[in-house]
Amino acid sequence: MEIKYQLKPAAERRSEQFCPEGNVGFGRLRTDHMFMMDYYDGEWRDPRIVPYGPFEMAPGAMALHYGQSIFEGAKAFMHEDGEIYTFRLNKNAERMNRSADIVCIPNIDEAMQLKAINALIDVDRLWFPMLEGACLYIRPFIFATEDRLSVSPANRYTFCVVMSPSGAYYGESLNAIRLLISKEFHRAVSGGTGASKAAGNYAASLRAGKAAAAHGASQVLYLDSTNEYIEEAGAMNHFHILKDGTVIIPEFTDTILKSITSQSIIELAPLLGCDVRQEQVKLDDFIAGVESGEIIEAGGFGTAAVVSPVGSYIFEDGRVVTVGDGKVGEHVSRIYKVFTEIQKGHRQGPQGWVCKVPRLEKA
């Protein structure tokens, strides 16, 4: 499908490279345009790039009532050649369709997803913020637009992509966080939507997040529904590191989102110089390993921060368990350094992980 360009007048859109004077934060700003495409009569139609702005949607749109909505999160980086490169965008396209299957949304051809995102980046490439550690954060999402109040999969949807010029998530250096180990709140149960990036999963996490904040923690370490096994760390995949340098990531299940960052770390094991493996992790074994010193580092893997080191865990009864010396460890620092150097083009990564955004002739 050919993309239609319905751009802002030249005088109303950015004409020079974005060079902010201070920190722009993460996810706060928007570029001039967004990509849109609609699904009806059994197929996706009318791909277009239009000015960023409000949607017109019926009050009975099914996404508003039954939460039939999914999203993705990806990043693009400017390399030293002045060109913008996406990072493993094909994996986001694959996962978008897995999420769609789980909540009964029609798939979008992966090549079309990549075409749409690359075209939008190209249109708004002057919005890339010229700051150390900056990126264009990419947010594709799909939501049901059919005006109907019966509970069933919708027949009409909108696919949209917006972008946010963003600074480094942690600023100048990594910071260790605290997680609340909760046996009260659960992110997902088997047979549900836990393996998808469904919007409702994140709405359901907000109450747990408030509980974490009340305990002085940044996020919740979620357990499975039996409170026996570790699952996710807030909106990230959890991991821990043994004193021999082995990285352990909980096995992917239908209650754990298959993090692209985690998958990448597994594939990068030879380059990282360490063993990376997945296994079921019992909470009691994990705590015993931290207390004995067998586990020396821990944290979360995710798109926004890449790596979020965890310095300590707090239980709901106030008990605190500190990982190592409570500071960012050398293994986490190395993983973060290698990963971000690949993203920025400072280090050669596996073939096809970074792809240059083509400069297109706008129709």
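No lab work stands behind these numbers, since they all come straight from the coordinates. These numbers were taken from a predicted model, which means no experiment stands behind them. Heads up, the Cβs are rebuilt from the backbone with ideal geometry, glycines too, and the neighbour counts pull from every protein chain shown.
Compute the convex hull volume of the Cα atoms of the stretch 138-280, divide it by the residue count, and report the result per residue in Å³ as a whole number.
Per residue, the Cα convex hull of the stretch 138-280 comes to 173 Å³.
The stretch 110-193: percent of C-alpha pairs farther apart than 18 Å?
Result for the distance tail: 69 percent.
Find the Cα radius of gyration of the stretch 236-320, compare it with 2.2 N^0.38 Å by division, and give the number to two decimals.
Dividing the Cα Rg of the stretch 236-320 by 2.2 N^0.38 Å gives 1.09.
Compare the peptides 193-204, 72-83 by average per-residue count of other Cβ atoms within 10 angstrom and give them in order, highest first.
193-204, 72-83
Write down Rg/Rh for the stretch 19-87, rounded to two decimals, with Rg from the C-alpha atoms and Rh from the Kirkwood relation over Cα pairs.
Values: Rg = 16.7 Å, Rh = 15.9 Å.
Rg/Rh for the stretch 19-87 comes to 1.05.
Just subtract the alpha-carbon distance of Asn175 and Lys258 from 0.36 nm times their residue separation and send over the number in nm, one decimal. Before the final figure, lay out each step's value.
Details: separation 83, 0.36 × 83 = 29.88 nm, distance 2.42 nm.
The Asn175-Lys258 span can extend by a further 27.5 nm.
Give the calculated FRET efficiency between Leu360 and Ala203 to the nearest 0.05, with a Förster radius of 45 Å applied to their Cβ-Cβ distance.
Using R0 = 45 Å, I get an efficiency of 0.80.
Give the residue from Pro54, Val189, Ala217 lying farthest towards the positive end of the charge dipole for the chain; charges sit on Cβ (+1 for Lys and Arg, -1 for Asp and Glu) and the dipole is referred to the Cα centre.
Pro54
At R0 = 41 Å, how high is the FRET efficiency between Asp122 and Asn227 if r is their beta carbon distance? Nearest 0.05 is fine. Don't jump to the answer; show the numbers that get you there.
Numbers: r = 48 Å, r/R0 = 1.18.
After rounding, the FRET efficiency stands at 0.25.
Starting from 0.36 nm per residue, how many nanometres of slack lie between Ala269 and Asp81 once their C-alpha separation is accounted for?
Gain in length upon complete extension: 64.9 nm.
What do you get for GluC sites (Glu not before Pro) in the stretch 2-44 restricted to DSSP loop and a cutoff of at most 15 other Cβ within 10 Å of the site's Cβ?
Glu2, Glu16, Glu21
Which three semi-axes in whole Å describe the equivalent ellipsoid of the chain, each the square root of 5 times a Cα gyration tensor eigenvalue, listed largest first?
Square roots of five times the eigenvalues give 35, 26, 18 Å.
For the stretch 92-190, which GluC sites (Glu not before Pro) are in a loop by DSSP, counting at most 10 other Cβ atoms within 10 Å? Working shown, then result.
Values: sites: Glu94, Glu110, Glu132, Glu146, Glu172, Glu184; in loops: Glu132, Glu146, Glu172, Glu184.
Sparse-neighbourhood loop GluC sites (Glu not before Pro): Glu132, Glu172.
Quick check on my link table: of Lys183/Lys282; Lys243/Lys282; Lys75/Lys282, which ones sit more than 24 Å apart, alpha carbon to alpha carbon? Don't skip to the end; give the middle numbers.
Details: Lys183/Lys282 13 Å; Lys243/Lys282 18 Å; Lys75/Lys282 33 Å.
Exceeds cut-off: Lys75/Lys282.
For the residue pair Glu279 and Asn155, what label-to-label distance in nm results when each label sits 7 Å from Cα along the Cα-to-beta-carbon direction?
About 5.3 nm separates the two model spin labels.
With r defined as the distance between the Cβ atoms of Asp317 and Arg139 and R0 fixed at 56 Å, what FRET efficiency is calculated, to the nearest 0.05?
After rounding to 0.05, the efficiency reads 0.90.
What distance in nm separates the two pseudo spin-label positions at Arg45 and Gln348, each 7 Å out from Cα along the beta-carbon direction?
That separation, rounded to one decimal, is 4.9 nm.
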